[in-house]
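Notes to accompany the following structure.
The values are calculated or read from the model by the stated rules, or taken from the named source; none is laboratory data. The structure displayed is predicted, hence computed values, not measured ones. Because the Cβ atoms are built from the backbone with ideal geometry, glycine has one as well, and the counts that use them run over all protein chains shown. Side chains included, ligands, DNA and RNA excluded: accessible areas come from the protein's heavy atoms. Shrake-Rupley method; radii C 1.70, N 1.55, O 1.52, S 1.80 Å.
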Amino acid sequence: MNIQENISLKNHNTFGIDASARFFVEITGLVQLQKVLELKAYPKKFIISGGSNMLLTKDIDALVMHIKFKGITIVEEDEETVEVKAMAGENWHELVLWSLDQGYGGLENLSLIPGNVGTAPIQNIGAYGVELKDIFVSCAAMDIETGELVSFDKDSCKFGYRDSIFKNEAKGKYIITSVNLRLTKKNHILHTGYGAIEGELKKNEIVYPTIRDISDAVIAIRKSKLPDPKELGNSGSFFKNPVIGQKAFNKLIKAHPEAPFYEVEDDGFKIPAGWLIEQAGFKGKRFGDAGVHKNQALVLVNYGTATGQEILDLSIKIREEVKKRFGIKIKPEVNIIK
Ligand code: EPU
């Protein structure tokens with residue numbers, strides 16, 4: 001096992017933050033993972049996978065374990081559906097493309113989301129009307145304390161909007177090693193209701209879309225709005241869209257009748273944080289190498305040499321201004337490593 005010292009994590013986080021790992025090891029198999037967890041010489045351990053949902057604000061004084069488990073297999077199938085098991089280190093979008101090549105439906109709306117399979121359940125990734133929980137069956141995870149492999153079914157993951165047990169009571173206790181998803185082989189359930197998808201299909205004169213058409217539409221929309229982390233460091237939406245109660249909603253609409261919103265089940269109203277941030281004057285603004293994306297204010301970007309602390313400072317400035325102007329608290333979606 002090759003444990004390296006003082007390794008830059010710049011290429012291991014999509015923000016492109018140049019923080020370093022005191023120790024670093026690549027992990028390609030479960031037995032190796034168990035062995036590394038047992039290493040007493042490195043009491044502090046830190047897991048990194050696709051690095052797509054984290055902001056590193058300092059160097060990591062621990063053994064950073066880079067999870068690289070690979071493989072996609074079919075667990076079971078019948079006439080209509082197939083259960084697929086994907087290992088944690090598989091790139092998410094490559095899994096989506098693989099499923100489309102097989103003619104399997106369910107992942108098309110989740111095309112082009114950065115990151116790896118293993119991190120998808122942590123924040124219940126979602127886009128364009130679909131969330132991971134809609135196709136999720138279970139995931140396997142290794143208990144960091146005991147090295148034991150445990151299985152979490154959908155209920156025990158406690159999925160919510162950009163939320164799961166792995167962000168709450170199970171935080172820091174497990175390493176997700178694989179994820180099982182149920183996909184359709186025919187009679188695909190198409191989710192085209194999201195305005196931007198409808199618009200994209202219409203533009204291309206597609207009346208009866210295939211799962212591939214939907215994926216292509218989502219890819220086109222994402223490319224037009226969201227920066228490619230390979231070109232401009234970012235972590236997708238930096239904030240969650242806040243959900244506010246009736247009273248706060250009435251106040252907002254009175255002052256801003258044009259404000260976009262979605263009603264959510266538990267009697268609240270979800271307000272796009274991107275809109276709040278744009279109204280607060282931050283869209284496209286740059287402070288040194290930290291900035292707010294010009295096409296989607298929800299996305300903070302690193303123009304090159306921003307530190308995690310600079311991105312964090314900008315996020316605090318934005319939160320304060322949004323609170324001051326609208327009385328609404330917005331919270332980060334990204335996992336901030338302090
Ligand atoms: N808006 C603005 N200005 C902006 C951005 C958005 O006014 O700069 C307003 C627009 O009115 C727009 C509305 O906000 O109609 C919603 O914008 P968009 O459709 O881009 O979606 P979002 O709510 O900003 C969420 C997810 C995205 C996901 C899209 C599409 C969160 C935190 N973000 O963004 O997820 O791709 O919906 O489903 O829920 C991610 O999590 O990293 C991510 C990119």
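Data for the structure
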| item | result |
| --- | --- |
| Distance cut-off 39 Å, percentage of C-alpha pairs in the chain lying past it | 14 |
| Cβ charges +1 (Lys, Arg) and -1 (Asp, Glu), total dipole of the chain, debye | 1480 |
| Shape metrics for segment 197-338, restricted to C-alpha atoms - Rg then Dmax, Å | 16.9, 49 |
| Solvent-accessible ranking of Leu112, Leu55, largest area first, probe 1.4 Å | Leu112, Leu55 |
| Exposure of Phe136 as accessible area (Å², to 10), given a probe of 1.4 Å and all protein chains | 10 |
| Solvent accessible area, Å² - His256, 1.4 Å probe, full protein context | 50 |
| Rounded to 5, the percent of DSSP beta bridges in the chain classed as antiparallel | 80 |
| Relative frequency of Cα-Cα separations exceeding 28 Å in segment 72-225, percent | 21 |
| Heavy-atom accessible area ranking, 1.4 Å probe, most first, across Ile47, Ile219, Ile277, Ile189 | Ile189, Ile47, Ile219, Ile277 |
| Average Cα contact separation per residue, segment 233-337, under 8 Å, 6 or more apart, as relative contact order % | 32 |
| The chain - mean residue ellipticity at 222 nm from DSSP helices (-39,500 (n - 2.57) per run, n ≥ 4, rounded to 500) | -7500 deg cm²/dmol |
| Listed residue (Gly281, Val96, Ala170) projecting farthest to the positive dipole end of the chain, Cβ model | Gly281 |
| Under the Karplus curve 6.51 cos²θ - 1.76 cosθ + 1.60, θ = phi - 60°, whole-Hz ³J(HN,Hα) for segment 117-125, x wherever Gly or Pro sits | 4, x, 8, 4, x, 4, 10, 6, 3 |
| Unit charges at the beta carbon, dipole of the chain: most positive-side option, Val179, Ser138, Ile17 | Ile17 |
| Dipole magnitude (debye, nearest 20) for segment 233-337, charges at Cβ of Lys, Arg, Asp, Glu | 360 |
| Globularity ratio of segment 36-91, using Cα Rg and 2.2 N^0.38 Å | 1.63 |
| Solvent accessible area, Å² - Leu97, 1.4 Å probe, full protein context | 60 |
| Viscosity 0.890 mPa s, temperature 25 °C, Stokes-Einstein D of segment 1-129 from Kirkwood C-alpha radius, µm²/s | 152 |
| DSSP bridge pairs, segment 1-139: antiparallel proportion in percent, nearest 5 | 55 |
| Segment 21-84 versus segment 200-232: alpha-carbon centroid distance in Å | 30 |
| Using a Förster distance of 41 Å, the FRET efficiency for Arg22-Glu231 (Cβ separation, nearest 0.05) | 0.90 |
| Links that overshoot a 26 Å alpha carbon limit, given the list Lys223/Lys338; Lys154/Lys185; Lys85/Lys154 | Lys223/Lys338 |
| Among Tyr194, Tyr161, Tyr208, residue whose mean-square fluctuation peaks in a GNM of the chain (springs only between Cα atoms under 10 Å) | Tyr208 |
| Residues of segment 227-338: accessible area per residue with a 1.4 Å probe, Å² | 53 |
